[in-house]
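The values are calculated or read from the model by the stated rules, or taken from the named source; none is laboratory data. Quick caveat: nothing in here was measured; it's all calculated off a predicted structure. Positions of Cβ are generated from backbone atoms using ideal geometry, with glycine treated the same way; all protein chains shown enter the neighbour counts.
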């Protein structure tokens, strides 16, 4: 087959990570006579831009999958086809996994899969499903999964690699049939007139990296930004304090990237989301036979997985009191011993902790160990709430509007939407901080894709972000009980709206998953 414009064979570039690239390479042999197919390893966040690879190979079409595919589709001028996981792919992968165990973890790109519940009922499989949108979320979702609830993992290439590092068998979710269908589509599109220009097309505007960086103008954040390189360069522990949604994880990622442990993993641990009875085995790991339900061969803990990298202990104030002494010993000795093991492992890593609680107050109340607090508090970064740094609202809004226009491929005027949001944003107090601001911007951009950036959007804005137009004194003057009832109703409405998907509900509400979990625990206690 030749392209209509040049008479040349279609040139297809596959951006594949590890197992996906290997699978595509095996299938590509069947198409070598019909197209020039080049496969390169790629994962979001790699040095350089993929535009260079496209130019080097003169690609007509790019093929990728998952988070890689979504990112490339938003940043390249040539057509990008992303491999979609079909229900048939999932059934096939589950059949392979069932040969190893009936307890299966599926980590997939995108949202929930309706087929899983009926499959689990019919087959008797125990399936835990986690979803993600970005590479960082993929790592976090895998690490946050309850590792005693599964024996085999199904997922994309990155998930399979994470499983292998944790000594867990893995099954690639993609099938050869889906890869063949994608190559057929790519060859067809490459042959269509005008579908893939050989001359470089104007590239879409894109941020320097798919990861979000701190965006600020305030002197408070400028001071923190100046401290990060120094704090990142040494092994001493860093404690990040600030309200939920102020950007503590972004600071942790900056500390990781700018320090000598950047080549290793950043392993994020939500200390408030791990049940107390599982905390020790999750953090420290365990040897084979350590307890009755321990898996064969034992399991490496999250601390060991962060070796030569960074362990990020989020919500450290929620750590069970019984585990605080054990963490203190690890920090002091820089060694970890798995449950039931006689072997201690020397640790080479940086420890970063974060909290939205006043740890000093918790120490005085006897809820947090004083000696652990001083070990964590070697270097401290305090992130003030957004209401105390209003100068940051405008630059963050500009950045987020541009980012979401790019993500959703909305060809509208970023400056016009930013200006539209400026006045209501300026008078709002943002109790959910930057996370809430981000939520509002995303809602606005999604609506603008349908309404445009003109009068229709202006008229609809009070319905799109009603929080901005509530009477200013309502929240301030309402009694505590009324506020709590209003909050509980918002949580119930969000859970109903998203089919009890807690991740999406938390994002919609502009709060962390940990905060949502605590609120739900309170609702359960009320009955």
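Some observations on this one:
- Residue selected from the range 114-139 under the condition under 19 Å from residue 498 (Cα atoms) and part of a strand (DSSP E or B), by the criterion modelled with the lowest pLDDT: 132
- Within the option set 412, 386, 406, 372, being closer than 24 Å to residue 434 by Cβ and crowded, with 19+ Cβ neighbours inside 10 Å holds for one residue only, 386.
- Residue check for residue 400: farther than 25 Å from residue 305 by Cβ and buried (at least 20 other Cβ atoms within 10 Å of the Cβ): yes
- Condition check for residue 403: modelled with pLDDT under 90 and under 29 Å from residue 223 (Cα atoms): yes
- Hey, residue 289 in a loop (DSSP other than H, G, I, E, B), under 24 Å from residue 101 (Cα atoms), in the same structural domain as residue 246 (by TED's automatic domain parsing) and out of contact with any strand residue (DSSP E or B) (no Cβ under 6 Å at 6 or more places or on another chain) or not: yes
- Against the criterion of being in a loop (DSSP other than H, G, I, E, B) and either on the phi < 0 side of the Ramachandran plot or in the same structural domain as residue 148 (by TED's automatic domain parsing) (or both), residue 324 does not qualify.
- Any hit, the range 504-521, residues being modelled with pLDDT of 70 or more, in the same structural domain as residue 437 (by TED's automatic domain parsing), outside any helix (DSSP H, G or I) and more than 22 Å from residue 427 (Cβ to Cβ): no
- For the range 1-34, taking the residues that are within 37 Å of the chain's Cα centre (by Cα) and more than 21 Å from residue 175 (Cβ to Cβ), the one that is modelled with the lowest pLDDT is identified as 10.
- Options 29, 36: the member that is over 27 Å from residue 402 (Cα atoms), out of contact with any strand residue (DSSP E or B) (no Cβ under 7 Å at 6 or more places or on another chain) and without any contact (Cβ under 8 Å) to a residue 40 or more places away in the chain: 29
- Selection status of residue 356, buried (at least 19 other Cβ atoms within 10 Å of the Cβ) and under 17 Å from residue 238 (Cα atoms): yes
- Any hit, the range 390-398, residues being under 22 Å from residue 435 (Cα atoms), in contact with a helix residue (DSSP H, G or I) (Cβ under 6 Å, 6 or more places away or on another chain) and at pLDDT below 90: no
- Summed over the range 164-176, the residues that are at pLDDT below 85 and in a helix (DSSP H, G or I) give a count of 2.
- Test for residue 69: is it under 30 Å from residue 128 (Cα atoms) and either buried (at least 16 other Cβ atoms within 10 Å of the Cβ) or in contact (Cβ under 8 Å) with a residue 24 or more places away in the chain (or both): yes
- Residue under evaluation residue 241, criteria (1) over 23 Å from residue 348 (Cβ atoms); (2) assigned to a strand (DSSP E or B); (3) in contact with a helix residue (DSSP H, G or I) (Cβ under 7 Å, 6 or more places away or on another chain), criterion not met: (3)
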